[in-house]
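Written out below as structure tokens is the structure these notes cover.
The values are calculated or read from the model by the stated rules, or taken from the named source; none is laboratory data. Fair warning: this is a prediction, and the values are worked out from it, not measured in the lab. As a convention, Cβ positions derive from the backbone with ideal geometry for all residues, glycine included, and neighbour counts pool all protein chains shown.
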Amino acid sequence: MNGKAYQLIKSDFSDPGCYQIEVQGSISAKWLDRLGAMQVIASADTSDKGLTVLRGSVIDQAELSGILNTLYSLQLRLISIQFLGTEPAEKPSE
């Protein structure tokens, strides 16, 4: 391990959760419906080398897996995925 301390959460596999996912590249608007409740909240630039951040709630791990499979199908490099908690994700302020 890298020396970081991680706190284990008490959660069932079928519990909802909020996640932030970072990928390298951009996501075309035609794919957004395949990302569930995830919102694109940031994009460093519009080139295929830019960073896109998704944040949102999923109903269970199966939905999260489907989102990750969609990103894989789009050939977007996964940079990070972070569990934010069980509360609904807040919409970004505009």
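Below, the figures for the structure above:
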read-out	value
Pairs with Cβ under 9 Å, 6+ apart, first in region 18-30 and in contact (Cβ under 8 Å) with a residue 24 or more places away in the chain and part of a loop (DSSP other than H, G, I, E, B), second surrounded by fewer than 16 Cβ atoms within 10 Å (Cβ to Cβ) and hydroxyl-bearing (Ser, Thr, Tyr)	Gly25/Ser47; Ser26/Ser43; Ser26/Thr46; Ser26/Ser47; Ile27/Ser43
Whichever residue in region 17-33 is over 9 Å from the mean Cα position of the chain (by Cα) and at pLDDT 90 or above and, among such residues, is surrounded by the fewest Cβ atoms within 10 Å (Cβ to Cβ)	Gln24
